[in-house]
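Shown next, in structure tokens, is the structure this report addresses.
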Amino acid sequence: MTLIKSISGIRGTIGGPAGDNLTPLDIVKFTTAYARLRSEALPGNRTLVVGRDARLSGPMVEKLVVGTLTGMGYRVVNIGMASTPTTEMAVTMEKAAGGIIITASHNPKQWNALKLLNEKGEFLNKAEGERVLALAEDPQLCFAPVDELGVETTADYTQKHIDAVLALPLVDRKAIAEAHFAVAIDCVNSVGGLILPELLRQLGVDKVTELYTAPTGDFQHNPEPLEKNLGDIMQLMADGKHDIAFVVDPDVDRLALIAEDGRMYGEEYTLVTAADYVLSQTPGNTVSNMSSTRALADVTRRYGGVYEASAVGEVNVVEKMKATGAVIGGEGNGGVIYPECHYGRDALVGIALILSHLAHKKCKLSELRASYPAYFMSKQKIELTPDINVDQLLEKMRLHFAQERISTIDGVKIDFAESWVHLRKSNTEPIIRIYTEAHTQAEADRLGQDMIRLMQSML
């Protein structure tokens, strides 16, 4: 079993011995460290927001987190089951000092995690994350006396989130209604089922077919929205009776699309499509992480903008977006960040923008996909063992390809003329991620396998 402590948050499997898994002791320890960080940053603000996805361990973790925060003297606004972007927006709406999202995102049901937010509803930066890890190891814990204990209040931010999306100037409800879309959704038995059907109804979608929208937390398939996990909704779409399908992960910050013919649209092209629409209306710059498709850079240049790549991680994308004044950005795993709404990956924003775009284009989704540059990505991995020195291995790879265009901002990225490879240690799993992109799927797959064989020869 596993406990991963990183600046991205605290993520682990439920059960087992403390320190090696996400146990009640670990949850209290890291929640306390986070509360101390927020006390240092904003000593006069004693409000924190807590939200969670629907996974089975959520109620247990929620009780521990809320109890610990009130024990630290905080007023906790518990918004219950809510998407990650909903919780992010609740932080700013509540003018809170920060928030904790209880979700392991795309990980299977035995996992859970604490995602940690600042007062802007954005993920902690590297320095803040490292401070949390340091505070967690400090034995001098101190809690509030009885007269200074915090309180828990509850709130529902579902409609407030929907209202914020509907209010975006580029979300064209009239065009969507006139298009008479038939839409299918797969919410993998988590919190997407609480908000996506209502969003689509209020956008004016004619027909919504729901798959796995009951938020039971008992995921009916692997929750990562990849083609190999989505056979049911792809089969549903193959009958040609729907215009588009939207698939989200358990915390609704990743969005995948399926075309009207039942074929995967390509998760990398979720951001590309949303950006195409935004740039067509408000030209400007874009950002994605360096594991994302080159197609975003191509589309950005088409509108006269500048594309830049950041290190992997939402906080890194957001920092680069702010620095470059990007009008849209995100990550190639289906994460759309639209600053006009907020600086966080948000599947609801992606859905509203893409439906508006499709309504304006008056074409099939498969035709829209064909209008973009054709790239194919392969995502592979090497499982890590304690005896593998990751830094040393990546340095060997850098030296091996020293004649190529290399970036070491985040792991090692090797840019070839017609393809690229990105090798990096995951922040959320004990693996080295191997992302490759080329002009055909076979070439991308082959390139990834070549990299695996080369690295294995270096061990």
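Below are the figures for this structure:
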{"item": "Unique residue being modelled with pLDDT of 95 or more, buried (at least 19 other Cβ atoms within 10 Å of the Cβ) and out of contact with any Asp or Glu (no Cβ under 9 Å at 6 or more places or on another chain) when the list is Leu423, Leu365, Leu358", "result": "Leu423"}
{"item": "Pairs, first of a type in the set (Phe, Trp, Tyr) in region 149-178, second part of a loop (DSSP other than H, G, I, E, B), C-beta under 8 Å, six or more apart", "result": "Tyr157/Ala82"}
{"item": "Segments classed as strands (runs of 3 or more DSSP E), wholly inside region 411-459, with at least 3 members that are of a type outside the set (A, V, I, L, M)", "result": "420-425, 431-438"}
{"item": "Where a residue in region 364-375 is under 16 Å from Phe181 (Cβ atoms) and its partner, wherever it lies, is assigned to a loop (DSSP other than H, G, I, E, B) and among the hydroxyl-bearing types (Ser, Thr, Tyr), with Cβ under 7 Å and at least six apart", "result": "Leu365/Tyr265"}
{"item": "Complete set of residues in region 279-294 that are surrounded by 24 or more Cβ atoms within 10 Å (Cβ to Cβ) and aliphatic (A, V, I, L, M)", "result": "Val287"}
{"item": "Some residue of region 41-59 being surrounded by fewer than 20 Cβ atoms within 10 Å (Cβ to Cβ), touching a Leu at 6+ places or on another chain (Cβ under 7 Å), in a helix (DSSP H, G or I) and not basic (Lys, Arg)", "result": "no"}
{"item": "Residue in region 300-343 that is surrounded by the fewest Cβ atoms within 10 Å (Cβ to Cβ), counting only those that are under 11 Å from Leu271 (Cα atoms) and among the aliphatic types (A, V, I, L, M)", "result": "Ile337"}
{"item": "Residue in region 338-345 that is touching a residue at least 24 places away in the same chain (Cβ under 8 Å), among the hydrophobic types (A, V, I, L, M, F, W, C) and in contact with a helix residue (DSSP H, G or I) (Cβ under 9 Å, 6 or more places away or on another chain) present", "result": "yes"}
{"item": "Tally, over region 341-367, of residues that are over 24 Å from the mean Cα position of the chain (by Cα) and in a helix (DSSP H, G or I)", "result": "5"}
{"item": "Single residue of Ala113, Ala127, Ala96, Ala134 found to be over 30 Å from Ser356 (Cβ atoms) and in contact with an Asp or Glu (Cβ under 7 Å, 6 or more places away or on another chain)", "result": "Ala96"}
{"item": "Residue that is surrounded by the most Cβ atoms within 10 Å (Cβ to Cβ), among those in region 133-181 that are among the hydroxyl-bearing types (Ser, Thr, Tyr) and within 15 Å of Leu199 (Cβ to Cβ)", "result": "Tyr157"}
{"item": "Candidates Lys109, Lys115, filtered to the one that is surrounded by fewer than 22 Cβ atoms within 10 Å (Cβ to Cβ) and among the charged types (D, E, K, R)", "result": "Lys109"}
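The values are calculated or read from the model by the stated rules, or taken from the named source; none is laboratory data. Please read all numbers here as calculations on a predicted model, not as lab measurements. As a convention, Cβ positions derive from the backbone with ideal geometry for all residues, glycine included, and neighbour counts pool all protein chains shown.
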